[in-house]
1. List the relative contact order of the stretch 10-200 as a percent without decimals, with contacts defined as Cα pairs under 8 Å and 6+ residues apart.
2. Put a dot 7 Å past each Cα toward the Cβ at His11 and Glu43; how far apart are the dots in nm?
3. Defining a contact as two alpha carbons under 8 Å apart and six or more residues distant in sequence, what relative contact order in percent does the stretch 441-610 show?
4. Can you sort Lys149, Lys116 by 1.4 Å-probe accessible area, starting with the largest?
5. Only four residue types carry charge here, +1 at the Cβ of Lys and Arg and -1 at the Cβ of Asp and Glu. Report the dipole size of the stretch 10-200 about the Cα centre in Debye, rounded to the nearest 20.
6. Pop a pseudo-label 7 angstrom from the Cα along the beta-carbon direction at both Lys307 and Thr68 and give the gap in nm to one decimal.
7. Cα gyration tensor of the stretch 1-94, axes a ≥ b ≥ c as square roots of the eigenvalues: rounded (a/c below 1.5), prolate (a/b > b/c) or oblate?
8. With labels modelled as points extended 7 Å from the Cα through the Cβ direction, what inter-label distance (nm, one decimal) is found for Ser164 paired with Ser203?
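The values are calculated or read from the model by the stated rules, or taken from the named source; none is laboratory data. Treat the numbers as computed from the prediction; the structure is a model and nothing was measured. Cβ placement follows ideal geometry from the backbone for every residue including glycine, while neighbour counts extend to all protein chains displayed. For the accessible areas, the whole protein counts, side chains as well, though only heavy atoms, and no ligand, DNA or RNA atoms are used. Shrake-Rupley method; radii C 1.70, N 1.55, O 1.52, S 1.80 Å.
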Amino acid sequence: MADIIKLLPDHVANQIAAGEVVQRPASVVKELLENAIDAKATEIKLIVKEAGKTLVQVIDNGFGMSETDARLCFERHATSKIRTAEDLFNLHTKGFRGEALASIAAIAHVELHTKKEEVELGCRIKIEGSKIISQEVVTTPTGTSIAVKNLFYNIPARRNFLKSDAVELRHIIDEFQRVALAHPAISFVLYHNGNELFNLPVSNIRQRIVNILGGKTNEKLVPINEDTDIVKISGFVGKPEFAKKNRNEQFFFVNDRFIKSPYLHHAIGAAFEGLLKEKMQPSYFIYLEVNPETIDINIHPTKTEIKFDDEHSLYAMLRATVKHSLGQFNIAPVLDFDRDANLDTPYNYKDKQASIPNIQVDRSFNPFSNEKKGIGNTATAPRYTHYKKESNEGWESLYVGLESKSNGNTAFSTENIEFESEEVTSSLFTNEEQKETLTYQLHRKYIVSSIKSGIVVIDQHRAHQRVLYEQLLRNITVSDAVSQQLLFPVTLTFSTSEIALLTEVKESLENIGFMFSNIGDDSIELSGIPSNISESELQIIIEQMLNDFQGEIPDAGFSQTDVLVKSLAKSMAIRTGKKLEIAEQEALVNNLFACKEPTISPFQKTIFITLSVDDLDKKFI
Ligand code: ADP
Ligand code: MG
């Protein structure tokens with residue numbers, strides 16, 4: 001039988017390798033930036049077009065390449081960084097595999113300009129799909145410029161797999177920030193579609209963090225420092241009160257290389273124990289220096305995970321150091337035996353009987369008067385209230401909701417719910433004395449209401465999500481958004497990458513009722529906000545929204561608005577655990593059944609269940 005094994009041609013092997021090295025434009029950014037740093041550049045410029053889909057270019061002022069090297073660098077396993085396997089254990093460079101440029105050149109149109117300091121002229125090489133198209137002698141500054149165009153042009157499946165520009169840009173910014181944070185002594189600029197997104201001058205670490213994450217970051221930072229035989233720890237952690245809901249401000253660097261380490265992340269979490277509210281994430285920028293012989297960075301192809309020889313000691317030291325710094329800056333709570341004795345029950349009062357407190361009741365209070373408060377309206381609540389309908393209207397809308405509910409394809413059909421007859425309900429509003437409680441809040445979570453056929457149990461949080469969701473969508477599609485003009489514009493600070501995201505979704509936000517008077521480098525100024533959001537919640541709501549967007553940011557249009565509106569509805573909806581007054585309960589029930597789709601929440605969860613008298617009867621057999 002004939003021999004069947006063949007060696008793969010280089011360009012095929014390169015394409016296969018590229019699958020590992022280059023997942024998306026951001027991978028190219030990472031490789032090119034790292035090469036520039038290895039070439040000892042002090043100024044690095046990153047130019048990106050269409051989130052890297054059409055162009056990723058890195059220009060550095062490093063030591064450049066000779067003509068021969070320029071040609072060789074695109075070969076697989078071509079590296080100047082290691083010569084023997086032993087070198088792997090004493091790495092001081094970022095690259096060492098000699099795979100990146102070969103992989104990138106296999107799946108894109110690449111143009112390289114490079115010149116070494118000591119020569120007059122440099123060279124230009126064009127290469128497409130691993131094939132050298134041209135090589136010329138050119139005048140070019142000392143250093144290297146590599147432009148990677150039309151990534152995945154020859155692998156349509158991979159190209160189609162790329163996410164929206166906003167998502168890809170987000171990944172690029174992430175990589176850029178990681179590299180820039182690791183190297184404050186190098187200046188970096190990032191342009192996207194001709195706009196300068198970052199301009200980071202040479203600085204110290206603190207300034208670099210502030211330049212990347214925005215002016216207000218400075219006051220949040222607590223320095224950490226520890227020097228031991230096995231590790232030198234430096235950097236900053238964020239004060240607990242500035243903790244965020246997302247994990248965007250968590251960075252570990254080991255020997256100037258960004259790494260991910262769930263284990264060390266846990267150590268920081270342990271140091272912050274008791275200082276953070278539930279689900280809040282501490283910010284940290286931690287720089288570890290260890291002997292390169294004690295780590296193995298070879299275990300992951302994209303090199304963000306590394307293995308430490310002595311992980312346990314590192315964990316303990318990191319935890320202790322962070323804890324110590326938080327304590328030094330008076331951030332950790334005082335120990336129990338230090339507590340303020342004034343707060344203890346005075347001795348004389350210890351055995352005294354507590355007297356019954358005086359309760360005063362406002363007997364003129366009428367929950368159904370027109371001025372009743374809407375749900376979720378705090379003292380700072382806006383002029384418009386969401387629940388502005390009068391009670392009567394509310395009850396009418398209950399029927400409207402029922403009539404329009406005709407498609408039987410939802411899990412639950414409202415057709416067989418019969419509500420109390422109109423006669424009874426309208427009398428409720430004319431004769432207060434006869435008022436029966438029609439709703440009841442159970443465990444600050446469910447609203448129970450009687451209906452003719454039995455009872456309905458409504459999840460208050462989900463119900464409110466649905467109400468807000470439809471209301472916000474209506475604002476956009478039917479009427480102009482109801483916006484409340486702010487007396488004084490509010491300025492909110494965000495990181496540069498968050499600003500980039502905000503700019504991306506600005507139009508949808510305007511549709512909902514946000515009015516931007518200015519978008520700066522690290523802040524936005526709002527002159528108007530949707531009518532049902534209060535100023536005090538703004539920052540949190542927008543942060544949550546940006547967070548939700550990072551998972552899925554569709555291009556403009558309905559689905560973008562839909563994600564936005566869902567996110568807003570989620571943050572604004574009354575929570576489980578909130579006590580609701582009778583009037584609020586009723587308003588919620590009314591508004592829910594006025595919705596087009598009262599049965600399921602915007603996140604496809606059941607909003608209410610019914611129990612018929614028949615069901616109950618069966619339980620009593
Ligand atoms: P690695 O970085 O793992 O060595 P690469 O494929 O990224 O592999 O690069 C191959 C080689 O090309 C490098 O080892 C280096 O000698 C050279 N090179 C790449 N980029 C630059 C640059 N910006 N300046 C100087 N030399 C470079
Ligand atoms: Mg490299």
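1. Reported as a whole number, the value is 28 percent.
2. Roughly 3.8 nm, to one decimal.
3. Once divided by the residue count of the stretch 441-610, the mean separation gives 35 percent.
4. Lys149, Lys116
5. That gives the stretch 10-200 a dipole magnitude of about 480 debye.
6. Each label point is offset 7 Å from its Cα along the Cβ direction, giving 3.7 nm.
7. Oblate is the answer for the stretch 1-94, as a/c is 1.5 or above yet b/c matches or exceeds a/b.
8. 3.1
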